Amino acid sequence: MKLAVVGCLVGGLLFAGTQDSDLNVNRRYTVDSVIVAGKGWRTNVSDSNDRLSNGLRKDLLALVGQKLNPRVLDNLGDRLKKEFDAREVTHHILRADTPDHVQVEFEIKPAGTNIHATLTKLLYSNKQGLSGGGMVGLTTHGNTFLVGLTSDGDTLNERFTGVHTRYENKRLGTDRLGVRFDFETYHEQWRGETLAALASTPGITSDAYRTRQNIQPVLTVALAKPLNLEVGASFERFGTQGPIANTETSNAVLASLRYHQRLVESDYPQDVDAAYSLRAATRMLGSDFAFASHTATLHYRVAHGRHKLTESVTLGGILRRAPLSDRFVAGNSYYLRGWNKFEIDPIGGNRIAHNTVDYRYGPFQAFYDAGSVWDSGQPVAVRHSVGVGVRESVFTLAVAFPMRSGHVEPIFMMGMIY
Amino acid sequence: MKNSPARDRGISRRSWLLAGLTIPLFKLRATEQLSIRYDGDVIHVTAPSVHFLSGKSLERLKDGAAVAFVAQLDLLNESRVPVRQPQKARFVVSLDLWEDKFSVTQLGKTPRSVDRLSASAAELWCFEGLAMSTLGVPPDQYFWLRFEMRTGSPRDLEGDLPQGFNLRELIALLGRKKSEEIHWGPLETRMRLADLPRMQGRGMRG
């Protein structure tokens, strides 16, 4: 009964539409120019400028010469708000100098003091149980302070529960520089499979720890428009289990290079995301662990109408002994969906190779995962899984099947993944 | 000291002052009354004091936006309990930026539209579109007629837009900050059908 009521409610909302648009008499007029204005600046999108991203600028420019479409303006306003991290973006339509032409003007109101709440993760999996996290934050004059709670049994081989706080300023004097400071403190829970694997293979990684704290300052530098560099450090401390309280540290330097390019000119808009990240723990920083973890990812997405195809590749390797929280895990909601991570490797591996092909038609999704997590020197077992579901934005509802002979037990996942 | 004539009659200066202050309020109340027209079948109202194409809604229209309005008419008994289903009328108004004239569409099963109206003519056209049937209403009983109006939200327009499964629009709809809702009224008037003058040329029932 409850489900029926919720279904009717959601169904009713699904049929809701947007206001305005088709009933606006000004649709007959042609857009002459598009202006974007912020606090102390104003730009015509027809002029070259580096205030707007290429993709957004092209979409704004595409309005010029077309009949006015108010519905499109709402969407572009939302994108401007996101790009400028603004409090509000409004648009005004004014008479242009040419008869029967109008000028569209977007006004960006910068964020003042703003309190916000974000759900960082909400996922139910019939194998890993419920994982969730949320943050509340205060943003004032470009400075964001966040505090949140997390209980995550999905991402790693441990369930970590605790508090995450963050300070962030995305524009440190200039648009090209940002800073982020994270502090996390978690209490860990371990499954029997992991503890048994640790006991049978000592020395591969850290022991199971009871608590984990991390302090992580990071500086972000926009090298060029599609290329971002992050450099920082991570000071991680593990409170070990057992009758004698002890701590181990993993202090590392961090660096990552991220490239994002959006090609929107054709009927087949494409996105390319490439990233390389390095986490190098060194005894020079007083770390008990000394290792180097390299990860490279590539995402390519092509869209045509309601069809979207995404190809994602992840490659990673850890040199020397790293703690459990740094090891690669598959069989969660990101890699080898459909497999049970405790069955693949309950202590994770120091190598990963993974590929995902994801096809979507509107909200409907089908995916194929293939990959492996293993330890160097060990044989590589490539696993495959397929799944279908519904995904819109961060909301996902999927059922995934491991491809293997014998008994196949599907994994059901529902929630919001960011 | 000799008493003033007013004091002789028991009316203090304070009472005079209070009465003086109250007169404008009575005048305001009088201007807020509804004007009712009755043709024997349906009631139409106008509210001369309500100018919904002004202020913030006019600013939004001058920015080139289309603004939705929802008008509602209720018939209540003496205990203020509704005796009929409320009559709702939904309008979408936009201002032609080049001609400086209003365009109005009344939504419903058979939408109707009008162009090139002045503000007052557009308001009057909207009032014309709001009517309540008096079928089954006893002519000799007193009722309260209540009118109110507000700017509309996307949800008010449900059923008048193309239907389809669109989760993206749902997320956008739930996520979008609502524009400020503006209210007019409620304005009420006590009336009896038997007392209402009939418009000529229409049904003469009851």
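The values are calculated or read from the model by the stated rules, or taken from the named source; none is laboratory data. Small disclaimer: the values here were computed from a predicted structure and weren't measured. Backbone-built Cβ (ideal geometry, glycine too); neighbour counts: all protein chains shown.
Answer yes or no as to whether A:Asp20 is at positive phi, at pLDDT below 85 and not aliphatic (A, V, I, L, M).
So A:Asp20 passes the test.
Please count how many residues of the range A:29-60 are within 14 Å of chain B (Cβ to nearest Cβ), out of contact with any helix residue (DSSP H, G or I) (no Cβ under 7 Å at 6 or more places or on another chain) and among the β-branched types (Val, Ile, Thr).
3
Checking A:Ala111 against (1) without any contact (Cβ under 8 Å) to a residue 60 or more places away in the chain; (2) part of a strand (DSSP E or B); (3) more than 30 Å from A:Val399 (Cα to Cα): exactly one of these is not met. Which one?
(2)
Condition (residue is modelled with pLDDT of 95 or more and aliphatic (A, V, I, L, M)) applied to the range A:201-210: is it met by at least one residue?
no
For the range A:38-53, give me the residue count where each residue is assigned to a strand (DSSP E or B), surrounded by fewer than 15 Cβ atoms within 10 Å (Cβ to Cβ) and among the small types (Gly, Ala, Ser).
Counting residues in the range A:38-53 that are assigned to a strand (DSSP E or B), surrounded by fewer than 15 Cβ atoms within 10 Å (Cβ to Cβ) and among the small types (Gly, Ala, Ser) gives 0.
Would the range A:287-295 turn up any residue that is β-branched (Val, Ile, Thr), surrounded by fewer than 20 Cβ atoms within 10 Å (Cβ to Cβ) and under 30 Å from A:Arg57 (Cα atoms)?
no
Yes/no matrix, rows are residues, columns are (1) of a type in the set (A, V, I, L, M); (2) touching a residue at least 24 places away in the same chain (Cβ under 8 Å); (3) more than 10 Å from chain A (Cβ to nearest Cβ):
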| position | (1), (2), (3) |
| --- | --- |
| B:Ser79 | no, no, yes |
| B:Pro82 | no, no, yes |
| B:Arg90 | no, yes, yes |
| B:Ser94 | no, yes, no |
| B:Asp100 | no, no, no |
| B:Arg112 | no, no, yes |
| B:Leu135 | yes, yes, yes |
| B:Tyr142 | no, yes, yes |
| B:Leu145 | yes, yes, yes |
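Within the range A:70-85, count every residue that is modelled with pLDDT under 85, away from chain B (no Cβ under 12 Å) and buried (at least 17 other Cβ atoms within 10 Å of the Cβ).
Result for the range A:70-85: 1.
If you take just the strands (runs of 3 or more DSSP E) that sit entirely in the range A:309-418, which of them hold at least 3 residues that are under 21 Å from the mean Cα position of the chain (by Cα), without any contact (Cβ under 8 Å) to a residue 40 or more places away in the chain and surrounded by 20 or more Cβ atoms within 10 Å (Cβ to Cβ)?
Fully inside the range A:309-418 and qualifying: A:364-374.
Can you confirm whether A:Phe289 is more than 25 Å from A:Tyr335 (Cα to Cα) and either within 21 Å of the chain's Cα centre (by Cα) or assigned to a strand (DSSP E or B) (or both)?
Against the criterion (more than 25 Å from A:Tyr335 (Cα to Cα) and either within 21 Å of the chain's Cα centre (by Cα) or assigned to a strand (DSSP E or B) (or both)), A:Phe289 does not qualify.
All but one of (1) within 9 Å of another protein chain (Cβ to nearest Cβ); (2) more than 21 Å from B:Glu59 (Cα to Cα); (3) in contact (Cβ under 8 Å) with a residue 40 or more places away in the chain hold for A:Lys67; which doesn't?
Going through the list (1) within 9 Å of another protein chain (Cβ to nearest Cβ); (2) more than 21 Å from B:Glu59 (Cα to Cα); (3) in contact (Cβ under 8 Å) with a residue 40 or more places away in the chain, A:Lys67 breaks only (1).
Confirm whether A:Thr30 is hydroxyl-bearing (Ser, Thr, Tyr), at pLDDT 90 or above and surrounded by fewer than 17 Cβ atoms within 10 Å (Cβ to Cβ).
It is true that A:Thr30 is hydroxyl-bearing (Ser, Thr, Tyr), at pLDDT 90 or above and surrounded by fewer than 17 Cβ atoms within 10 Å (Cβ to Cβ).
Which residues, taken from the range B:81-95, are over 17 Å from the mean Cα position of the chain (by Cα) and buried (at least 19 other Cβ atoms within 10 Å of the Cβ)?
B:Ser94, B:Leu95, listed by residue number.
Pull up the range B:130-159, narrow it to residues that are in a loop (DSSP other than H, G, I, E, B) and crowded, with 18+ Cβ neighbours inside 10 Å, then point me to the one that is modelled with the highest pLDDT.
B:Leu130
Would you confirm, using the coordinates I've provided, whether A:Leu63 is of a type outside the set (S, T, N, Q) and either assigned by TED's automatic domain parsing to the domain that holds A:Lys341 or touching a helix residue (DSSP H, G or I) at 6+ places or on another chain (Cβ under 9 Å) (or both)?
yes
Tell me which of these B:Arg60 doesn't satisfy, since it passes every other one: (1) within 18 Å of B:Phe147 (Cβ to Cβ); (2) in contact with a Ser or Thr (Cβ under 8 Å, 6 or more places away or on another chain).
(1)
Look at A:Arg320 and say whether it is among the charged types (D, E, K, R), on the phi > 0 side of the Ramachandran plot and at pLDDT 90 or above.
Against the criterion (among the charged types (D, E, K, R), on the phi > 0 side of the Ramachandran plot and at pLDDT 90 or above), A:Arg320 qualifies.
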